[in-house]
Amino acid sequence: QAQLVESGGGLVQAGGTLTLSCAASGRYESVNVIAWYRQPPGKEREWLGASTRDGGATYADSVKGRFTISRDSAVNTVYLQMSRLKPENTGVYYCQIAGSHVWGQGTQVPVSS
């Protein structure tokens, strides 16, 4: 069984930058696609983007140009760098092995105006 652990969340001011990490362990293969999601308070979880098998990434239109997904296969970690953050980006951020039931526990990101 693979496990994912997110870290790096915390309070950030609007316009700021924050990088989240998703560290994988257990029965995890570096070719796994990792997806990032955000769940705003009282709302549904929404897909933000995902790393791709060729080392690239794909993004939701709402974050394209501001968020960057990268991976360091040597340490089985995928990153979500978020820039020009807005108050509406507030939420709990999760990573997932795409297409599986394996999720991290989430990390809170409040963005103050």
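Inside the range 36-65, can you point out the residues that are more than 19 Å from Thr107 (Cα to Cα) and in contact with a strand residue (DSSP E or B) (Cβ under 9 Å, 6 or more places away or on another chain)?
Once the filter is applied, which keeps residues that are more than 19 Å from Thr107 (Cα to Cα) and in contact with a strand residue (DSSP E or B) (Cβ under 9 Å, 6 or more places away or on another chain), the range 36-65 yields Thr52, Gly55, Gly56, Ala57, Thr58, Tyr59, Ala60, Ser62, Lys64, Gly65.
Say we look at the range 5-22 and pick out the residues that are over 12 Å from Val109 (Cβ atoms) and under 11 Å from the mean Cα position of the chain (by Cα); which of these is surrounded by the fewest Cβ atoms within 10 Å (Cβ to Cβ)?
Val5
If I filter the range 66-78 for residues that are under 10 Å from the mean Cα position of the chain (by Cα) and either among the charged types (D, E, K, R) or on the phi > 0 side of the Ramachandran plot (or both), do I get at least one hit?
Among the residues of the range 66-78, not one is under 10 Å from the mean Cα position of the chain (by Cα) and either among the charged types (D, E, K, R) or on the phi > 0 side of the Ramachandran plot (or both), which makes the answer no.
Taking the stated definitions as given, is Glu46 touching a Lys or Arg at 6+ places or on another chain (Cβ under 7 Å) and either modelled with pLDDT under 95 or not β-branched (Val, Ile, Thr) (or both)?
Yes; evaluated as a whole, the condition is true for this residue.
If you check Thr77 against the conditions, is it surrounded by 12 or more Cβ atoms within 10 Å (Cβ to Cβ) and touching a Leu at 6+ places or on another chain (Cβ under 9 Å)?
The answer is no for Thr77.
Filter the range 5-34 down to the residues that are in contact with a Ser or Thr (Cβ under 8 Å, 6 or more places away or on another chain), assigned to a strand (DSSP E or B) and of a type outside the set (S, T, N, Q) and list them by number.
Val5, Glu6, Val12, Leu20, Cys22, Ala23, Ala24, Ile34
Could you please let me know if Gly91 is surrounded by 20 or more Cβ atoms within 10 Å (Cβ to Cβ) and within 14 Å of Pro41 (Cα to Cα)?
yes
Quick check on the range 99-113: of everything there that is within 12 Å of the chain's Cα centre (by Cα) and surrounded by fewer than 16 Cβ atoms within 10 Å (Cβ to Cβ), which residue is farthest from Arg84 (Cα to Cα)?
The selected residue is Gln105.
Of the residues that sit in the range 23-53 and are among the polar types (S, T, N, Q) and without any contact (Cβ under 8 Å) to a residue 40 or more places away in the chain, which one is surrounded by the fewest Cβ atoms within 10 Å (Cβ to Cβ)?
So the residue we want is Thr52.
Can you name every residue in the range 48-106 that is under 17 Å from Ser21 (Cβ atoms) and hydroxyl-bearing (Ser, Thr, Tyr)?
If the condition is that a residue be under 17 Å from Ser21 (Cβ atoms) and hydroxyl-bearing (Ser, Thr, Tyr), then Ser51, Thr68, Ser70, Ser73, Thr77, Tyr79, Ser83, Tyr93, Tyr94 are the ones that fit.
The values are calculated or read from the model by the stated rules, or taken from the named source; none is laboratory data. Because the structure is predicted, anything quoted here is derived from the model rather than measured. Please note: Cβ atoms are built from the backbone with ideal geometry, for glycine as well, and neighbour counts cover all protein chains shown.
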